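Everything below concerns the one structure shown next.
The values are calculated or read from the model by the stated rules, or taken from the named source; none is laboratory data. This is a predicted model, so every value here is computed, not measured. A quick note on method: Cβ atoms are made from the backbone with ideal geometry, for glycine too, and the neighbour counts reach across all protein chains shown. Protein only, heavy atoms only, side chains kept; ligands, DNA and RNA dropped before computing areas. Shrake-Rupley method; radii C 1.70, N 1.55, O 1.52, S 1.80 Å.
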Amino acid sequence: GVISTLVNMGKGALAAGLIAQLDLGDLPAWSSEWPSLIPLLAGVFAMIGHMYPIFAGFKGGKGVNTAAGVLLAVSPYNLLAVLVVFLLLLKVTRYVSVASLVASVLFPTLVAIRLFVFDDPAMDVLLLAVSTIMASGIVYAHRTNIRRLRTGEEAKIKSFRPGKGLRAEGEPD
(Lines give C-alpha, C1' and ligand atoms only; values in the text may rest on other atoms or scores of the structure.)
Protein backbone atom coordinates (compact mmCIF):
# COMPACT_ATOMS: atom_id res chain seq x y z
CA GLY A 1 0.00 0.00 0.00
CA VAL A 2 2.82 2.40 0.84
CA ILE A 3 4.54 1.83 -2.50
CA SER A 4 1.27 2.31 -4.37
CA THR A 5 0.60 5.52 -2.45
CA LEU A 6 4.06 6.88 -3.20
CA VAL A 7 3.87 5.96 -6.90
CA ASN A 8 0.44 7.53 -7.32
CA MET A 9 1.37 10.67 -5.38
CA GLY A 10 4.58 10.83 -7.39
CA LYS A 11 2.59 10.64 -10.61
CA GLY A 12 0.55 13.71 -9.63
CA ALA A 13 3.49 15.62 -8.17
CA LEU A 14 5.61 14.90 -11.23
CA ALA A 15 2.88 16.02 -13.62
CA ALA A 16 2.23 19.29 -11.79
CA GLY A 17 5.75 19.94 -10.49
CA LEU A 18 7.74 19.06 -13.57
CA ILE A 19 5.56 21.01 -15.97
CA ALA A 20 5.98 24.08 -13.76
CA GLN A 21 9.75 23.85 -14.25
CA LEU A 22 9.66 23.55 -18.04
CA ASP A 23 10.15 26.45 -20.40
CA LEU A 24 7.04 26.11 -22.51
CA GLY A 25 7.96 28.94 -24.87
CA ASP A 26 5.38 31.46 -25.92
CA LEU A 27 2.11 30.82 -24.17
CA PRO A 28 -1.15 32.68 -24.73
CA ALA A 29 -1.46 35.99 -22.87
CA TRP A 30 -4.13 34.64 -20.53
CA SER A 31 -1.72 32.03 -19.14
CA SER A 32 0.52 34.70 -17.59
CA GLU A 33 -2.38 35.87 -15.42
CA TRP A 34 -2.53 32.48 -13.70
CA PRO A 35 0.93 30.93 -13.56
CA SER A 36 -0.52 27.90 -11.77
CA LEU A 37 -2.85 27.07 -14.68
CA ILE A 38 -0.54 24.81 -16.68
CA PRO A 39 0.71 22.77 -13.67
CA LEU A 40 -2.84 22.39 -12.36
CA LEU A 41 -4.13 21.25 -15.75
CA ALA A 42 -1.27 18.77 -16.05
CA GLY A 43 -2.15 17.47 -12.60
CA VAL A 44 -5.84 17.19 -13.39
CA PHE A 45 -5.05 15.19 -16.52
CA ALA A 46 -2.76 12.89 -14.47
CA MET A 47 -5.65 12.36 -12.04
CA ILE A 48 -8.11 11.67 -14.87
CA GLY A 49 -5.62 9.25 -16.44
CA HIS A 50 -5.34 7.47 -13.10
CA MET A 51 -9.10 7.23 -12.64
CA TYR A 52 -9.90 6.28 -16.24
CA PRO A 53 -6.85 4.52 -17.73
CA ILE A 54 -7.21 3.59 -21.39
CA PHE A 55 -5.31 0.31 -21.03
CA ALA A 56 -7.51 -0.89 -18.16
CA GLY A 57 -10.81 -0.33 -19.88
CA PHE A 58 -11.25 3.09 -18.25
CA LYS A 59 -11.51 1.45 -14.81
CA GLY A 60 -8.89 2.81 -12.44
CA GLY A 61 -8.44 4.18 -8.97
CA LYS A 62 -10.29 6.85 -7.05
CA GLY A 63 -7.69 9.56 -7.70
CA VAL A 64 -7.03 10.52 -4.08
CA ASN A 65 -3.28 9.89 -4.00
CA THR A 66 -2.71 11.32 -7.47
CA ALA A 67 -4.64 14.46 -6.48
CA ALA A 68 -2.60 14.65 -3.27
CA GLY A 69 0.59 14.59 -5.32
CA VAL A 70 -0.67 17.39 -7.55
CA LEU A 71 -1.65 19.48 -4.56
CA LEU A 72 1.68 18.74 -2.87
CA ALA A 73 3.42 20.28 -5.87
CA VAL A 74 1.22 23.40 -6.03
CA SER A 75 0.19 24.01 -2.39
CA PRO A 76 2.25 21.94 0.07
CA TYR A 77 1.13 23.70 3.27
CA ASN A 78 -2.55 23.14 2.55
CA LEU A 79 -1.82 19.52 1.70
CA LEU A 80 0.08 19.07 4.96
CA ALA A 81 -2.93 20.31 6.96
CA VAL A 82 -5.24 18.03 4.97
CA LEU A 83 -2.90 15.07 5.48
CA VAL A 84 -3.00 15.56 9.25
CA VAL A 85 -6.81 15.55 9.19
CA PHE A 86 -6.81 12.51 6.88
CA LEU A 87 -4.58 10.53 9.26
CA LEU A 88 -6.58 11.54 12.33
CA LEU A 89 -9.86 10.56 10.70
CA LEU A 90 -8.37 7.29 9.47
CA LYS A 91 -7.20 6.46 12.99
CA VAL A 92 -10.52 7.42 14.60
CA THR A 93 -13.02 6.04 12.07
CA ARG A 94 -10.87 3.31 10.46
CA TYR A 95 -12.59 4.10 7.15
CA VAL A 96 -10.20 5.02 4.33
CA SER A 97 -13.17 6.26 2.31
CA VAL A 98 -14.36 8.68 5.02
CA ALA A 99 -10.86 10.09 5.51
CA SER A 100 -10.43 10.43 1.73
CA LEU A 101 -13.78 12.13 1.22
CA VAL A 102 -13.28 14.62 4.05
CA ALA A 103 -9.71 15.37 2.94
CA SER A 104 -10.76 15.95 -0.66
CA VAL A 105 -13.41 18.46 0.40
CA LEU A 106 -11.19 20.05 3.05
CA PHE A 107 -8.50 21.11 0.57
CA PRO A 108 -10.63 23.56 -1.46
CA THR A 109 -12.22 24.70 1.81
CA LEU A 110 -8.79 25.66 3.16
CA VAL A 111 -7.95 27.41 -0.10
CA ALA A 112 -11.21 29.39 0.12
CA ILE A 113 -10.57 30.37 3.75
CA ARG A 114 -7.02 31.47 3.00
CA LEU A 115 -8.16 33.33 -0.11
CA PHE A 116 -11.31 35.08 1.08
CA VAL A 117 -10.87 35.34 4.86
CA PHE A 118 -7.14 35.94 5.13
CA ASP A 119 -6.59 37.44 1.65
CA ASP A 120 -3.54 35.19 1.24
CA PRO A 121 -1.64 36.14 -1.95
CA ALA A 122 -0.37 32.55 -2.27
CA MET A 123 -3.94 31.42 -3.01
CA ASP A 124 -5.83 32.17 -6.18
CA VAL A 125 -9.30 31.55 -7.56
CA LEU A 126 -7.90 29.13 -10.11
CA LEU A 127 -6.49 26.87 -7.38
CA LEU A 128 -9.88 27.03 -5.64
CA ALA A 129 -11.75 26.14 -8.84
CA VAL A 130 -9.44 23.30 -9.87
CA SER A 131 -9.24 21.79 -6.38
CA THR A 132 -13.05 21.93 -6.18
CA ILE A 133 -13.28 20.09 -9.49
CA MET A 134 -10.76 17.52 -8.25
CA ALA A 135 -12.70 17.06 -5.00
CA SER A 136 -15.92 16.62 -6.97
CA GLY A 137 -14.27 13.92 -9.08
CA ILE A 138 -13.06 12.13 -5.96
CA VAL A 139 -16.49 12.29 -4.32
CA TYR A 140 -18.03 10.94 -7.55
CA ALA A 141 -15.49 8.11 -7.63
CA HIS A 142 -16.45 7.20 -4.06
CA ARG A 143 -20.18 6.91 -4.76
CA THR A 144 -20.17 3.14 -4.14
CA ASN A 145 -18.25 3.67 -0.90
CA ILE A 146 -20.81 6.27 0.17
CA ARG A 147 -23.59 3.78 -0.54
CA ARG A 148 -21.80 1.11 1.55
CA LEU A 149 -21.23 3.63 4.36
CA ARG A 150 -24.95 4.41 4.41
CA THR A 151 -25.85 0.72 4.63
CA GLY A 152 -23.10 -0.13 7.14
CA GLU A 153 -21.30 -2.45 4.71
CA GLU A 154 -18.10 -0.41 4.14
CA ALA A 155 -14.94 -2.23 5.24
CA LYS A 156 -12.92 -0.79 8.11
CA ILE A 157 -9.19 -1.06 8.59
CA LYS A 158 -8.52 -3.77 11.14
CA SER A 159 -4.84 -3.17 11.85
CA PHE A 160 -2.31 -0.39 11.34
CA ARG A 161 0.65 -2.61 12.23
CA PRO A 162 3.12 -2.81 9.31
CA GLY A 163 3.65 -6.55 9.76
CA LYS A 164 -0.08 -7.15 9.42
CA GLY A 165 -0.70 -4.69 6.65
CA LEU A 166 -3.94 -2.78 6.33
CA ARG A 167 -6.68 -5.36 6.43
CA ALA A 168 -10.39 -4.80 6.46
CA GLU A 169 -12.45 -6.31 9.24
CA GLY A 170 -13.29 -9.92 8.51
CA GLU A 171 -10.22 -10.50 6.34
CA PRO A 172 -7.92 -13.31 7.51
CA ASP A 173 -4.60 -12.42 9.20
Answer yes or no: is there a residue in region 44-59 that is open to solvent by 30 Å² or more (accessible area, probe 1.4 Å) and either more than 23 Å from V7 (Cβ to Cβ) or among the polar types (S, T, N, Q) (or both). no
Do we have P108 as assigned to a helix (DSSP H, G or I) and either of a type outside the set (S, T, N, Q) or touching a residue at least 24 places away in the same chain (Cβ under 8 Å) (or both) here? yes
Among all residue pairs at least 6 apart or on different chains, which show Cβ distances below 8 Å where the first residue, located in region 61-85, is part of a helix (DSSP H, G or I) and the second is of a type in the set (S, T, Y)? V64/S100; V64/S104; N65/S4; N65/T5; A67/S104; L71/S131; V74/S36
Condition check for A135: small (G, A, S), closer than 17 Å to F45 by Cβ, touching a Gly at 6+ places or on another chain (Cβ under 9 Å) and in contact (Cβ under 8 Å) with a residue 24 or more places away in the chain: no
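Is one or more of the residues making up region 118-125 open to solvent by less than 30 Å² (accessible area, probe 1.4 Å) and not in a loop (DSSP other than H, G, I, E, B)?
Just the residues of region 118-125 that are open to solvent by less than 30 Å² (accessible area, probe 1.4 Å), to begin with: 123.
Then keep just the ones that are not in a loop (DSSP other than H, G, I, E, B); that gives none.
No - not one qualifying residue is present in region 118-125.
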Would you mention how many residues in region 145-160 are open to solvent by less than 70 Å² (accessible area, probe 1.4 Å), farther than 16 Å from G1 by Cα and not hydrophobic (A, V, I, L, M, F, W, C)? 3
Within region 72-117, restricting to residues that are among the hydrophobic types (A, V, I, L, M, F, W, C) and loosely packed, with under 13 Cβ neighbours inside 10 Å, the one that is nearest to L41 (Cα to Cα) is L80
